[in-house]
Amino acid sequence: MVSTNYAPEHAGIGPYSTQIAEHLAASGADTHVLAGMPHYPAWRVPEAYRGRWRLTEVREGVVVHRRRHTVPARQTALRRGLFEASVLAHGLLAPPRVRPDVVLSQVPSLAGGVLGARIARRAGVPHVVVVQDLMGAAAGQSGMRGAGRVASQAGNVEGRVLRSASVVGVVHESFTDRVAAMGVPRERVRVVPNWTHVRAPDGDRARTRARLGWSEDTVVVLHSGNMGLKQGLEVLVETARLVDRDGGGVRVVLMGDGHLREHLLRLGAGVGALSFLPPADAEEFPEVLAAADVLAVTQRASVVDMSLPSKLTSYFTAGQPVVASVAAGSGTAREVERSGAGVVVPPEDPKALLAAVRSLAADAERCAELGARGREYVERRLSRRAGLERITALVEEALAAG
């Protein structure tokens with residue numbers, strides 16, 4: 001497997017890559033992963049990995065080959081390009097010294113897809129690509145400074161990687177048309193939804209709220225995850241500012257890390273209804289989600305068909321209603337609507353977001369119904385077992401086709 005993100009990363013793509021590799025290893029496969037140094041979502045390398053050039057470690061039966069790369073504290077198109085180039089260069093310079101039977105790449109990173117294609121080609125084996133985000137579209141839709149200049153280049157590279165793959169998995173059907181437009185035959189594209197990688201909450205909700213300082217008469221709106229450009233989290237800061245102006249009763253909480261955390265802290269300085277939490281550990285995370293009253297997912301208005309937030313699977317598991325401030329018709333909007341677990345409001349519109357929150361807060365029965373639908377959706381479609389079986393089927397299909 002080639003995946004820049006891997007454990008101990010606890011958010012984004014890392015948990016999925018880790019669970020896939022560990023599942024394959026537990027099934028008897030000699031499983032190796034070419035990965036980067038842990039850095040997401042904080043975009044900082046932990047002390048234990050800092051200064052390491054190359055590292056091989058064994059985690060749960062998986063041999064992980066780590067290669068050093070740049071870790072930009074701020075995201076611009078140039079810095080992201082340097083990050084991708086460093087991942088690619090070090091992977092080309094020092095690939096794992098193993099001969100695979102099949103190569104599975106997780107995209108992003110784009111460099112990981114290129115490395116996977118090269119390793120597979122040199123070994124004469126099938127290459128399977130799982131697309132978590134569409135990188136060319138991401139460059140154009142994310143709002144990153146200078147992204148417009150590189151979007152077409154990234155798309156071209158991405159297209160070559162996907163066209164050369166034996167089979168391509170996409171995490172949502174909204175990606176299929178764009179992948180087909182890159183020249184990938186539809187008969188080689190499979191929809192392989194992500195699954196929930198967290199356990200269902202089972203703790204004392206009231207105790208968790210008390211520990212976090214959330215009073216029972218306050219409606220807590222929680223966003224958990226990466227604080228980056230495409231999330232457009234400014235809308236939640238402005239929502240909290242509206243709460244201050246119109247009488248309170250709602251608290252907006254941003255939990256997580258990312259390169260825009262400091263920007264959001266500055267933007268929200270003095271806003272009484274806004275607070276920040278560090279990322280929760282794996283054991284605490286589902287309890288914090290369940291302790292909130294509303295779970296928020298936000299995206300910039302320009303984000304349409306390049307990304308599906310992995311946090312949705314965790315949100316649905318938590319059993320609380322979701323408010324999605326995202327573009328109508330986007331993959332995220334379609335997933336929330338299909339689950340029946342939440343409501344969709346226009347992106348970058350704090351008034352609409354706050355109105356939806358207050359409407360839910362006034363209807364406990366509806367909240368309970370939405371939360372129950374989320375859990376039912378997980379059981380029906382997003383179980384870990386089903387997700388891992390879909391990935392295993394991709395690998396087996398590629399091997400059978402040769």
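Give the residue, chosen from VAL167, VAL114, VAL125, VAL157, that is closer than 25 Å to THR70 by Cβ and either at pLDDT 95 or above or of a type in the set (Ser, Thr, Tyr) (or both). Full working, then the answer.
On the way: VAL167 fails: closer than 25 Å to THR70 by Cβ; VAL125 fails: closer than 25 Å to THR70 by Cβ; VAL157 fails: either at pLDDT 95 or above or of a type in the set (Ser, Thr, Tyr) (or both).
Testing whether each residue is closer than 25 Å to THR70 by Cβ and either at pLDDT 95 or above or of a type in the set (Ser, Thr, Tyr) (or both) leaves just VAL114.
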Worksheet item: Restricting to segment 205-234, what's the tally of residues that are in a loop (DSSP other than H, G, I, E, B), of a type outside the set (A, V, I, L, M) and either touching a residue at least 40 places away in the same chain (Cβ under 8 Å) or closer than 25 Å to TYR377 by Cβ (or both)?
Response: 7
Worksheet, complete the sentence: Of the conditions (1) on the phi < 0 side of the Ramachandran plot; (2) modelled with pLDDT of 95 or more, the single one that GLU60 does not satisfy is (1)
Worksheet item: Does GLU22 fit the bill of being charged (D, E, K, R), over 17 Å from VAL130 (Cβ atoms) and assigned by TED's automatic domain parsing to the domain that holds ALA393?
Response: no
Worksheet entry | Those residues of segment 47-101 which are under 28 Å from ARG121 (Cα atoms), part of a helix (DSSP H, G or I) and hydroxyl-bearing (Ser, Thr, Tyr), in sequence order | SER86
Item to complete: Scan THR317, THR313, THR332 and give me the residue that is out of contact with any Gly (no Cβ under 8 Å at 6 or more places or on another chain) and over 26 Å from ARG241 (Cβ atoms).
Response: THR313
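Out of VAL395, VAL304, VAL378, report the one residue that is in contact with a strand residue (DSSP E or B) (Cβ under 8 Å, 6 or more places away or on another chain) and among the β-branched types (Val, Ile, Thr). Spell out the reasoning first.
Details: VAL304 fails: in contact with a strand residue (DSSP E or B) (Cβ under 8 Å, 6 or more places away or on another chain); VAL378 fails: in contact with a strand residue (DSSP E or B) (Cβ under 8 Å, 6 or more places away or on another chain).
Step by step, each of VAL395, VAL304, VAL378 is checked, and only VAL395 is in contact with a strand residue (DSSP E or B) (Cβ under 8 Å, 6 or more places away or on another chain) and among the β-branched types (Val, Ile, Thr).
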Discussion item. Suppose we filter VAL271, VAL221 for residues that are β-branched (Val, Ile, Thr), in contact with a strand residue (DSSP E or B) (Cβ under 8 Å, 6 or more places away or on another chain) and buried (at least 17 other Cβ atoms within 10 Å of the Cβ); which single one remains?
Written reply: VAL221
Item to complete: Considering only segment 155-174, state which residues are in contact with a Ser or Thr (Cβ under 9 Å, 6 or more places away or on another chain), outside any loop (DSSP other than H, G, I, E, B) and more than 12 Å from VAL114 (Cα to Cα).
Response: VAL170, SER174
Fill in: Matching entry among ALA301, ALA273, ALA292, ALA296 (being closer than 25 Å to ASP246 by Cβ, in the same structural domain as GLU376 (by TED's automatic domain parsing) and touching a His at 6+ places or on another chain (Cβ under 6 Å))
ALA296
Worksheet item: Among the residues of segment 9-37 satisfying the criterion of being part of a loop (DSSP other than H, G, I, E, B) and of a type in the set (Val, Ile, Thr), which is surrounded by the fewest Cβ atoms within 10 Å (Cβ to Cβ)?
Response: THR31
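Just one of TYR6, TYR40 is modelled with pLDDT under 95, hydroxyl-bearing (Ser, Thr, Tyr), crowded, with 18+ Cβ neighbours inside 10 Å and within 14 Å of the chain's Cα centre (by Cα); which is it?
Working: TYR6 fails: modelled with pLDDT under 95.
Answer to the check: TYR40.
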Fill in: Pairs where the first residue, in segment 235-248, is within 17 Å of ARG266 (Cβ to Cβ) and the second is at pLDDT below 95 and crowded, with 21+ Cβ neighbours inside 10 Å, C-beta under 7 Å, 6+ apart
none
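Go through segment 383-402 and report how many residues are farther than 20 Å from VAL189 by Cβ and surrounded by 13 or more Cβ atoms within 10 Å (Cβ to Cβ).
The first filter runs over segment 383-402 and keeps only residues farther than 20 Å from VAL189 by Cβ, leaving 383-385.
Filter once more, so that each one left must be surrounded by 13 or more Cβ atoms within 10 Å (Cβ to Cβ): 383-384.
Of the residues in that region, 2 qualify.
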Worksheet, complete the sentence: Only one of (1) under 29 Å from HIS172 (Cα atoms); (2) surrounded by fewer than 19 Cβ atoms within 10 Å (Cβ to Cβ); (3) over 22 Å from the mean Cα position of the chain (by Cα) does not apply to PRO95, and that is (1)
Worksheet item: Out of all the residues in segment 51-83, which are charged (D, E, K, R) and in contact (Cβ under 8 Å) with a residue 12 or more places away in the chain?
Response: ARG52, ARG54, ARG59, GLU60, ARG66, ARG67, ARG68, ARG74, ARG80
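The values are calculated or read from the model by the stated rules, or taken from the named source; none is laboratory data. Fair warning: this is a prediction, and the values are worked out from it, not measured in the lab. Don't worry about glycine lacking a Cβ; one is built from the backbone with ideal geometry, like all the others, and counts go over all protein chains shown.
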